[in-house]
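Take a look at the structure set out below.
The values are calculated or read from the model by the stated rules, or taken from the named source; none is laboratory data. Predicted model, so just to flag it, every value in this text is computed and none were measured. Neighbour counts are summed over all protein chains in view; Cβ atoms, including those assigned to glycine, are modelled from backbone coordinates with ideal geometry.
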C-alpha cells in the first residue's frame, strides 16, 4: 500500500496496480465497496492494469479502521465505518488520490477516470464533481437526495449501472439521478440489468450475476474508449 497525505492531516493508504508492459497513459481511481480494499477491489484494479491503466484504490476507511476488510456476510461490522463517512472528507480523500495518481509514471493527468462499486459507486459520482475526471463509472451507488445538487458539477461523462432487483436502490432513486443529470445537460448513460441485484458485479458475493457482470465490464471498456480515456 502506498501512503498518501490528505489535506486534513490524515494519512491514507492506497493500493496501486501498474501495467506489466508500457503504460497507455490512462489512470483510474477504483473506489471500494463498504467491505474495504479487499480481494475483489484489488482484482478490479489488476484487471485495469492488464489493459494498460495505472489503477489506484484508496482506503476510504482510513479515519476509522486502517486496512479494514469486512466479511460480505457481516454488514454490522461494516456499518460504523460507512456511517462515519462524510462528503467533505471523501472530497479531500478524492483530491489526494487524484493528485497521487496524476504524478505516477506514465499517467496523463488529462486521462484519469474513476470507477466505484456500492459505496464506491457513490464516491465515483462525488469524485467526478470534486476533481476534473475524464469520465466516471458508478455501479449501484446510492445517491442520497442531497447529493443530487452535485449533478451540475459533474465534469466527465458518467456511466451508471443499476440492478432491477435491487431492493436497496429502487427505480425512483436512480431515475432521480438520471433526471438531475439531464436537467443540467450532463452526458450520462444509465444501464439497468432487470435480472440483477445489488452487488451483481462482484463474484465474491451471493448476488453475483455473471451475465450482467460480463456485459457491464464490456460496456465499461467501450465507454472509457469512447471518451478517449484509453484506446
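Okay, here's what the table says:
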| quantity | calculated |
| --- | --- |
| Selected residue (only one of 113, 129, 178 is modelled with pLDDT of 95 or more, farther than 18 Å from residue 225 by Cα, in contact with a helix residue (DSSP H, G or I) (Cβ under 7 Å, 6 or more places away or on another chain) and not in a loop (DSSP other than H, G, I, E, B)) | 129 |
| Single match in 123, 82, 107, 94 (criterion: part of a loop (DSSP other than H, G, I, E, B) and touching a helix residue (DSSP H, G or I) at 6+ places or on another chain (Cβ under 9 Å)) | 107 |
| Qualifying residue in the stretch 111-118 (condition: surrounded by 24 or more Cβ atoms within 10 Å (Cβ to Cβ), at positive phi, touching a residue at least 40 places away in the same chain (Cβ under 8 Å) and in contact with a strand residue (DSSP E or B) (Cβ under 9 Å, 6 or more places away or on another chain)) | yes |
| Among (1) farther than 28 Å from residue 193 by Cα; (2) assigned to a loop (DSSP other than H, G, I, E, B); (3) in contact (Cβ under 8 Å) with a residue 60 or more places away in the chain, the one test that residue 89 misses | (2) |
| Qualifying residue in the stretch 25-37 (condition: surrounded by fewer than 18 Cβ atoms within 10 Å (Cβ to Cβ) and without any contact (Cβ under 8 Å) to a residue 60 or more places away in the chain) | no |
| Residues of the stretch 159-202 satisfying the condition of being in contact (Cβ under 8 Å) with a residue 12 or more places away in the chain and at positive phi | 199 |
| Test: residue in the stretch 50-73 that is in a loop (DSSP other than H, G, I, E, B), in contact (Cβ under 8 Å) with a residue 60 or more places away in the chain and surrounded by fewer than 14 Cβ atoms within 10 Å (Cβ to Cβ) | yes |
| Among residues of the stretch 134-151, those that are more than 18 Å from residue 190 (Cβ to Cβ) and in contact with a strand residue (DSSP E or B) (Cβ under 9 Å, 6 or more places away or on another chain), counted | 1 |
| Residue among 212, 180, 218 that is out of contact with any strand residue (DSSP E or B) (no Cβ under 6 Å at 6 or more places or on another chain) and surrounded by 13 or more Cβ atoms within 10 Å (Cβ to Cβ) | 180 |
| Boolean, residue 228 is touching a residue at least 12 places away in the same chain (Cβ under 8 Å), loosely packed, with under 13 Cβ neighbours inside 10 Å, touching a helix residue (DSSP H, G or I) at 6+ places or on another chain (Cβ under 8 Å) and outside any helix (DSSP H, G or I) | yes |
| Boolean, residue 144 is surrounded by fewer than 23 Cβ atoms within 10 Å (Cβ to Cβ) and under 26 Å from residue 92 (Cα atoms) | yes |
| Conditions (1) closer than 17 Å to residue 14 by Cβ; (2) crowded, with 24+ Cβ neighbours inside 10 Å; number of the one not met by residue 105 | (2) |
